[in-house]
1. Lysines near Lys651 by alpha-carbon distance under 22 Å, same-chain residues fewer than 8 away left out - which ones?
2. May I ask you to give the solvent-accessible area per residue for the chain, in square angstrom, as obtained with a 1.4 angstrom probe?
3. Looking at (i) 48, 33, 30; (ii) 71, 37, 24; (iii) 61, 40, 27, which value of semi-axes √(5λ) of the Cα gyration tensor in Å comes from a calculation on the structure shown?
4. How charged is the neighbourhood of Leu693? Take every other residue with its Cβ under 14 Å from the Cβ of Leu693, and add Lys/Arg as +1 and Asp/Glu as -1.
5. Summing -39500 (n - 2.57) over the DSSP H runs of n ≥ 4 in the chain and dividing by its residue number, what mean residue ellipticity at 222 nm do you reach, to the nearest 500 deg cm²/dmol?
6. With Cβ to Cβ distances under 12 Å as the rule, what net charge do the other residues near Val239 carry (K, R +1; D, E -1)?
7. For Leu845, what is the net charge nearby, where nearby means another residue's Cβ is under 15 Å from its Cβ and Lys, Arg count +1, Asp, Glu -1?
8. Could you tell me what percent of the accessible area of the chain is made up of carbon and sulfur, with a 1.4 Å probe and every protein chain present?
Amino acid sequence: MSESVYEPNELEGRWQKLWHEIGLDETKSQKPGQKSFYALSMFPYPSGSLHMGHVRNYVITDVIARLHRMKGDAVLHPMGWDAFGLPAENAAIERRIDPSVWTKKNISEMKKQLKRLGLCIDWSKELTTCDVEYYKWTQYLFLILFKAGLAYQKEAEVNWDPVDKTVLANEQVDSEGNSWRSGAKVEKKQLKQWFLSITTYADELLKDLNGLKNWPERVKTMQENWIGRSYGSDFDFNVDGFPGKKITIFTTRPDTLFGVSYIVLAPDHPLVKDIADKAKKIDLEKFIVEVNKKSSHERMSEDSPKMGISIGASAINPANGESVPIWIADYVLKDYGSGAVMGVPAHDNRDYIFASKYNLPIKSVIKRYNNEDSQLLPWVGEGLLINSGPFTGLTSEEAKEKITSYALSNGWGSQKIEYRLRDWLISRQRYWGCPIPIINCIDCGPVEVSFKDLPVKLPDLEDIDNSKNSSLSTNIGWQKTICPKCGKDAKRETDTMDTFICSSWYFLRFADPNNKEQPFTQDKIDKWLPVNQYVGGVEHAILHLLYSRFLTKALNKQGLINIKEPFDRLLTQGMVKALTYKNPKTGKYINANNVSDIESPIDPKTGDKLEKFYEKMSKSKYNGIDPGIVIDKYGADTARLFILFKAPPEKDLEWEDTDVEGQFRFIQRLWKLIETYLEKHDLSSDKPPIDLLKGKNNDLGINKDEQNLRRLYHLAIKEITDDLEGDLQLNTAISELMKLANSISESAGKVGKVISHESLSVLVRLIAPFAPHIAEEFWLQIGGKDSVHKGKWPVYDNDALIKQSYELVIQIKGKVRGRLEVATSTTKEELEQIAINSEVSKKWLDGVLPSKVIVVPGKLVNLVP
């Protein structure tokens, strides 16, 4: 290191080139007895540009992978591309090019950007979901599910995105009823669609959340709520005047059955057209048209006004024989439960509002335990039953069981477990997706494509225009085929699969990515899976993570794999935010480059005062930071250290340029530290010590300064290892690195060559996962002959952590008057005598014995005259 200037771009490029040449990051064969470790980031959609959220995700995973490689584990750290989907298709149509061309170009660009970060990714295992060699196996797994009865087709009301012209799963519609992708208001349509029966595994998905000990509670709670298991009862209400027709209603409150004053059906419930008063036909049709304009989220939102209309029919309450009117309302959905609810306005907030609006009867059947006279309604809690026939006087808990038992014995009720979760709708009416390997025959119905005939390849996109209406249904030639069963003319399925299908099994393929005969083999899955550390955003808690768990369980049930859960430890990293400017009057975001006064920002066009706040980086908000620009200026190691140090990994990070510069200065201090040691000690002729000295400091023949430094670098090993192996605390780990660097710097000239070399060996190895390029450079300078990343992670010695002595504070009447060095083993009684006989005591007490002595072992002695 002849020059004292740190030039990150030259240094990092040089080391990256060497790592590639020696195959440093390739997954090595597992040795007998060697542990395996699978580190994985959620793979990206190839948009063409890396953003800081990507950087944070991949660098966190990289640190963990590098740690375990240095600890001697066989490490799998792959990367791939979630490449199908609407953004690529729409972008390609706008540019009049094939989506595959657009996608491959973006992948090439993002791969270059990723490589600049110095990630230890094994690129030989790279996969892309739009490659035929990948989606062939996606189709294979679909057929496995189809043969098992877990993939099926049915006509259903679906969420239709009018902009992207495709169906969306319920999970892809936000709380405002808008498409998660295009932002368009979602419409309702009746279409024949393909579903995966995720509800078959609802109970298992819920139960097994308890075994995910290394998952954030927040994520588990989100999945638990989405699955939404409810315990209750089914009750049958016979329709008055229509023998044989009944309405089955699920409720979690059987104790309120005697309080039912009306029934509400979903507007599209099949019974409505059969039992409704014919005179109400026109009014009902108008009402249904209005309801269909709303999304499911809008209809079920607690805040939205409830709309309803009577259908002119009634049903009989089986509990008391009373006739209750039947209505339809927007807040009841056909696919949730039985598409019918019982209205109990005295004991349900929504029912109370609805009944009050439409002047429906309100009958109280439960009174509070603690205040019999107060009957302010609605009372939604439990209590004692009133007005409930033979069940009057029972507690709610008792009544739930007894009313259900009574219903069961009389043939009009039963116990029931209901789930909020609905089957996964996977059909998409777009071109750029994995074709569903089904042939539709008029005589045979849906027939699976034979395994040997896979893959069903996407055709070339023939007509690329700006219509945004690309779909396989427009390609007549591609559709034509022969039915595998009867040999007659048939048509290929024109729907493609939801892209979440592709991402719900990619972690399995990484274990065996070059297998041409199978999607994976059990022995490879057994070797690497489940993923030891998975890192990604919390926004995937329901969609990707739930789907992946379902598919893993389904494949386990079919005997393809032995694991039941895909990810052992999950980290959901926080967002990267940046200072953002917004005009509150226009709602427009303003580019920070156009803001001249950041203290009192104004809109350069309108002069309006701007709001200033931190928000997630986004192109649309003009607050994004290009990682490439940061790396060009400061280097990848600085970018890595900043993104790891600024905030705990699970918390949001607020970008500040000054903090980036702070990490750059830290690396420069390290650079100067190594240079200073090289000037004082010729370390290049000796290899840096890998196995550290062992034993108590007093037994090693080293001076006090050396003992102290040795204790500090062993303490750093312990703290940093704990930070990386427990609850990931990468920011505090870097803080420990800074403290150690300061301690080594302060000890310069006070310690000999052996401890100097050992301290640097530890420092450089501890830095390696965080700043791999500079660590490699330092390792070479202190005599390393091979890559530091092949070196052993240092192990602390408990004996080294023991302080042999400490500084005892001597106080006189609570004021510090002196300090003494004492042995750690000194007893409380001995400390008292040492203080009394000290020069400090003689000076301040004039030889008079103190009237009181307060001893705090390990800290101080206070002498009170």
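The values are calculated or read from the model by the stated rules, or taken from the named source; none is laboratory data. Since the model is a prediction, treat every value here as computed from it, not as a measurement. Cβ sites come from the backbone with ideal geometry, for glycine too, and all protein chains shown count toward neighbours. Note: areas computed on protein heavy atoms with side chains; ligands, DNA, RNA excluded. Shrake-Rupley method; radii C 1.70, N 1.55, O 1.52, S 1.80 Å.
1. Lys651 reaches Lys213, Lys220, Lys577, Lys612, Lys616, Lys619, Lys621.
2. Dividing the accessible area of the chain by its residue count gives 45 Å².
3. Answer by label: (iii).
4. With Lys, Arg at +1 and Asp, Glu at -1, the net is -1.
5. Here the helix-only value at 222 nm equals -10500 deg cm²/dmol.
6. Residues near Val239 contribute -1 overall.
7. Cβ neighbours under 15 Å give a net charge of +3.
8. So the carbon and sulfur contribution to the accessible surface is 49 percent.
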